[in-house]
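Read through the structure below, which is laid out as structure tokens, and then see the notes.
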Amino acid sequence: MSDSAADNAAENLRHKEKAAKHKAAKDKIMATKTGEKGLLIVHTGTGKGKTSAALGMVFRHIGHEMPVAVVQFTKSPSWDTGEARVLAKFPELVTLHIMGEGFTWETQDRERDIAAATAGWERAKELIRDERHRMVLLDELNIVLRYDYLDINEVIAFLRDEKPADKHVVITGRNAKPELIEMADLVTEMTLVKHPFRAGIKGQKGVEF
């Protein structure tokens, strides 16, 4: 055997031994993870991808034929989004409610925004209580909470006291309230590093909507 072949064989052996130890350690940790519960999940931060990540979990549920519900708090029914098109293809598994009227700077009417947010939250509570849905996505709920269109204390109390123990609830939007972050089981903060909007690139079909 040449020196290079011997070196490769020795390196492969070291890698195999290291990987075996790593696997054994991981298996030991995983063996302790036996709990299962409905999670409160928050996607927040200034970076792009909060709704996209949440929709990924929605599509996983669809793939497992588990019913889901989606309430969109800021998107308008008049918007033609890719996710709405796809979700509409699974009426037996997806309940979709687009409850917003556009971004707050578009409506320029606080009372109207509060009314839309309140209607969306009432629908969201119905869907969370409904035993049929395994997951409920509350898209951009953080936005309406940020502007105090809904009472954060009422939202926290409902999620604490009335969310079924086995139901996942996912909440998206930047500027998540500290109370929500504290209560959540899983929080992910998207960090903005670069965005094409800063270079004059508009939102594009298939990327932003």
**Prompt:** Per-residue HN-Hα couplings for the range 68-85, Karplus 6.51 cos²θ - 1.76 cosθ + 1.60 at θ = phi - 60°, whole Hz, x for Gly and Pro?
**Reply:** 9, 10, 10, 10, 9, 8, 10, 5, 9, x, 7, 7, 9, 9, x, 5, 5, 4
**Item:** Rounded to 10°, Cα long-axis angle of helix 50-63 versus longest principal axis of the chain
**Value:** 80 degrees
**Prompt:** When Lys and Arg each count +1 and Asp and Glu each count -1, what net charge do the other residues less than 12 Å away from K21, Cβ to Cβ, add up to?
**Reply:** +4
**Ranked by how many other beta carbons lie within 10 Å on average, peptides 134-143, 65-74, 158-167 from highest** = 134-143, 65-74, 158-167
**Fill in**
Checking rank on 197-207, 147-157, with mean other Cβ inside 10 Å and highest first, the result is 147-157, 197-207
**Item:** Kirkwood Rh in Å, taken over the chain so that all alpha-carbon pairs contribute
**Value:** 19.5 Å
**Item:** Distant-in-sequence amide H partners of F209 (H built 1.01 Å from N, under 5 Å)
**Value:** Q204
**Message:** Could you tell me the extents of the range 46-149's C-alpha atoms along the three principal axes, largest first, rounded to whole Å?
**Reply:** 41, 28, 25
**Asked** Which far-off residues, 5 or more places away or on another chain, put their amide H under 5 Å from the one on A69, with H placed in the peptide plane?
**Response** T95, M135, V136, L137
**Message:** Spelling out what I want: for every residue of the range 4-11, take phi, set θ = phi - 60°, compute 6.51 cos²θ - 1.76 cosθ + 1.60 (Karplus), and round to whole Hz; glycine and proline get x.
**Reply:** 5, 5, 5, 5, 5, 5, 5, 5
**Fill in**
Sorted by chain and then number, the residues having a modelled amide H within less than 5 Å of the amide H of L40, at least 5 places away or on another chain, are V169, D185, L186
**Message:** Taking a ≥ b ≥ c as the square roots of the Cα gyration tensor eigenvalues, with a/c under 1.5 meaning rounded and otherwise prolate when a/b beats b/c, else oblate, which class fits the range 86-209?
**Reply:** rounded
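Where a number appears in this text, it was derived from the coordinates with a stated rule and is not lab data. Because the structure is a prediction, the values reported are computed rather than measured. Positions of Cβ are backbone-derived with ideal geometry, glycine not excepted, and every protein chain shown enters the neighbour counts.
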